[in-house]
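The values are calculated or read from the model by the stated rules, or taken from the named source; none is laboratory data. Note that the coordinates shown come from a computational prediction; the quantities given were computed from them, not determined experimentally. Using ideal geometry, Cβ is built from the backbone for each residue, glycine included, and neighbour counts are taken over all protein chains shown.
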Amino acid sequence: MAINIYRKIKRNITEDGLIVSSSGFLVNTMVGKIDFSRPLRILEIGSGKGPFTREIIRRMSTESVLDVCEIKSEYNPWIERLMIANPHKQVTLHNGCVTELLNTPETYDVIVSSLPLKNFERMKDQNAFLNRLIEGFKFALKEGGIYLQYQYFRSNKADIERVFGKEMDEIDFVPLNILPAFVYSMTK
């Protein structure tokens, strides 16, 4: 029994980067950094069961657009329920690799990422997936747009700063989460 629980936790961390869904404290810290006072084009990456999606939908205006990208279709029912419950909000679910949504320059005002960057290949060269991914975030962000990312360790900070060409704007520590998390904020 204990071995099965351990295997499930290990698989969740390896595949999804998490043990349980993000806490309300983490969700509010990240989503609280978004200025919802105007219409926005938002990209959420790695929605899982939708703790960030739910809060973004709740706060966004009807003029705003939310693209939700989740590679694992097993999470679709949670996101689809949120979409059905909020028919007046412009939300689209995309199943696939996020790189498909990062091909158009300056598309998004906000990118909210739950991707476990630490699980991706380290940036050994300019063609590494992690490097291309962060470059895609910068490319797809509008000038003045914000990229929000949480990590359980202070990892990948230097990678993000190198691609964006500046120091991280802000790092918040959220202890009330399983696991405690760091929230990175980077504007373009």
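Quick look at the values:
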read-out: Hits in the stretch 175-188 - residues which are of a type in the set (A, V, I, L, M, F, W, C) and within 17 Å of L115 (Cα to Cα); value: I178, L179, A181, F182, V183, M186
read-out: Answer from R122, R154, R132 - the residue that is in contact with a strand residue (DSSP E or B) (Cβ under 8 Å, 6 or more places away or on another chain), at pLDDT below 95 and basic (K, R); value: R154
read-out: Among (1) β-branched (V, I, T); (2) touching a Lys or Arg at 6+ places or on another chain (Cβ under 6 Å); (3) in a loop (DSSP other than H, G, I, E, B) - the single one T104 does not satisfy; value: (2)
read-out: Any chance A128 is exposed (fewer than 14 other Cβ atoms within 10 Å of the Cβ) and farther than 27 Å from F36 by Cβ; value: no
read-out: Index of the failed condition, V163 passing every other in (1) under 26 Å from G24 (Cα atoms); (2) at pLDDT 95 or above; value: (1)
read-out: Positions within the stretch 102-117 being surrounded by 19 or more Cβ atoms within 10 Å (Cβ to Cβ) and not charged (D, E, K, R), in sequence order; value: L102, Y108, V110, I111, V112, S113, S114, L115, P116, L117
read-out: The stretch 125-155, subset part of a loop (DSSP other than H, G, I, E, B) and under 17 Å from L115 (Cα atoms), residue nearest to the chain's Cα centre (by Cα); value: Y152
read-out: Only one of V110, V183, V163 that is assigned to a helix (DSSP H, G or I) and among the aliphatic types (A, V, I, L, M); value: V163
read-out: The stretch 68-86, residues that are part of a helix (DSSP H, G or I) and under 15 Å from G46 (Cα atoms); value: S73, E74, Y75, N76, P77, W78, I79, E80
read-out: Test result for F173, at pLDDT below 95 and farther than 22 Å from D67 by Cα; value: no
read-out: Of all residues in the stretch 156-188 being small (G, A, S) and under 15 Å from the mean Cα position of the chain (by Cα), the one that is surrounded by the fewest Cβ atoms within 10 Å (Cβ to Cβ); value: S185
read-out: Number of the exception - V27 against (1) at pLDDT 95 or above; (2) aliphatic (A, V, I, L, M); (3) over 20 Å from Y108 (Cα atoms); value: (3)
read-out: Inter-residue pairs, beta-carbon under 8 Å, first in contact (Cβ under 8 Å) with a residue 24 or more places away in the chain and in the stretch 166-183, second part of a loop (DSSP other than H, G, I, E, B) and among the polar types (S, T, N, Q), 6+ apart; value: V174/S23; L176/S23; N177/S22; N177/S23; I178/S23; A181/S22
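To keep it simple, each residue is scored yes or no on (1) of a type outside the set (K, R); (2) within 24 Å of S185 (Cα to Cα); (3) without any contact (Cβ under 8 Å) to a residue 12 or more places away in the chain; (4) crowded, with 22+ Cβ neighbours inside 10 Å.
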{"position": "C69", "(1), (2), (3), (4)": "yes, yes, no, yes"}
{"position": "I79", "(1), (2), (3), (4)": "yes, no, no, yes"}
{"position": "N95", "(1), (2), (3), (4)": "yes, no, no, no"}
{"position": "N119", "(1), (2), (3), (4)": "yes, yes, no, no"}
{"position": "I134", "(1), (2), (3), (4)": "yes, yes, no, yes"}
{"position": "L141", "(1), (2), (3), (4)": "yes, yes, no, yes"}
